[in-house]
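Each remark here refers to the structure printed beneath this line.
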Amino acid sequence: MLSKPAETLRDVHPLIRDRWSPRAFDAGKPVSKDDLISVLEAARWAASSNNVQPWRFIVATADQPEAHAKALEGFNVRNQRWAKNAPVLVIVLARKVTDEGAANGIAPYDTGAAVAQLILQATALGLTVHQAGGIEKDKIRAAFNVPEDTDILVAFGLGYQADASVLPDDLAEREKTPRARKSLSDIVYTGAYGEKMRF
Ligand SMILES: Cc1cc2nc3c(=O)[nH]c(=O)nc-3n(C[C@H](O)[C@H](O)[C@H](O)COP(=O)(O)O)c2cc1C
């Protein structure tokens, strides 16, 4: 299967090195209940500001075709082309208020951290995740009764990687493009904003 390990100046943990976002999912290989619970637990145990735990997840699995189809409708049409093969679809939400009703502006940060943990756990289990910001938020809010105090952030597919040939031609081609990142000097400053740290 196609792999795209990160090129790093120094070693990083293999889970971080090897994680990437394939769009090719094996529609015929379900995620076990145990593995699904493991990845959700990894999210649950993320750190959050004041331990508010603002993240919420709506999960749909392919063994419940109606629920899966409803979640798939939440992806935009372009993303549906790959998301339809993912045996698990997840919609990621962040509550904008604490349980006490106070504003919680840091909720998206905390929720992103929880998803990052979930993805590393998935990687450890041999699963892959592909996230999508390209989603139909109004549709999701209506279809799943998401309250107004809760932001709809992203959705993602979870499952086992498949050969790129399961994808439409343009996406199969993109699957093969190398992964790229800004350099450390471009993103790490010292002294003041914009003063690049040298590595
Ligand atoms: C918040 C977020 C939104 C994304 N939205 C989309 C999307 O709508 N469609 C898509 O195909 N990929 C989407 N991606 C995947 C990114 O393009 C991908 O993570 C990025 O190119 C880095 O590649 P890598 O994850 O393989 O390292 C998204 C990723 C993130 C984190």
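The values are calculated or read from the model by the stated rules, or taken from the named source; none is laboratory data. Everything numeric here is computed off the predicted structure, so don't read it as measured data. Every residue, glycine among them, receives a Cβ derived from its backbone with ideal geometry; neighbour counts consider all protein chains shown. Calculation scope for accessible area: heavy atoms of the full protein, side chains included, ligands and nucleic acids excluded. Shrake-Rupley method; radii C 1.70, N 1.55, O 1.52, S 1.80 Å.
Remarks
- Matching residues in segment 60-78 - criterion: being crowded, with 23+ Cβ neighbours inside 10 Å and over 17 Å from Gly28 (Cα atoms): Ala71, Gly74, Phe75
- Residues located in segment 25-38, provided they are assigned to a helix (DSSP H, G or I) and surrounded by fewer than 15 Cβ atoms within 10 Å (Cβ to Cβ): Lys33, Asp34, Ile37
- Checked against the criteria, Pro54 does not count as buried (at least 22 other Cβ atoms within 10 Å of the Cβ), more than 14 Å from the ligand (Cβ to nearest atom) and closer than 20 Å to Pro168 by Cα.
- Condition check for Ala124: open to solvent by 50 Å² or more (accessible area, probe 1.4 Å) and under 26 Å from Gln161 (Cα atoms): yes
- Number of positions in segment 109-126 that are in a helix (DSSP H, G or I) and more than 10 Å from the ligand (Cβ to nearest atom): 12
- Top-ranked residue of segment 127-140 - restricted to ones that are assigned to a loop (DSSP other than H, G, I, E, B) and open to solvent by 30 Å² or more (accessible area, probe 1.4 Å), ranked as nearest to the ligand (Cβ to nearest atom): Gly133
- Among the criteria (1) open to solvent by less than 50 Å² (accessible area, probe 1.4 Å); (2) part of a helix (DSSP H, G or I); (3) within 17 Å of Val154 (Cα to Cα), the one Pro22 does not fulfil is (2).
- Of the residues Ala47, Ala6, Ala42, the single one that is open to solvent by less than 50 Å² (accessible area, probe 1.4 Å) and either more than 16 Å from the ligand (Cβ to nearest atom) or in a strand (DSSP E or B) (or both) is Ala42.
- Among the residues of segment 61-76, just one is among the aliphatic types (A, V, I, L, M), touching a helix residue (DSSP H, G or I) at 6+ places or on another chain (Cβ under 8 Å) and within 18 Å of Ile152 (Cβ to Cβ), namely Leu72.
- Filtered by the rule that a residue be at negative phi and free of Cβ contacts under 8 Å to residues at least 12 places away in the same chain, segment 27-78 gives Gly28, Ser32, Lys33, Asp34, Ile37, Gln64, Pro65, Glu66, Ala67, Ala69, Val77.
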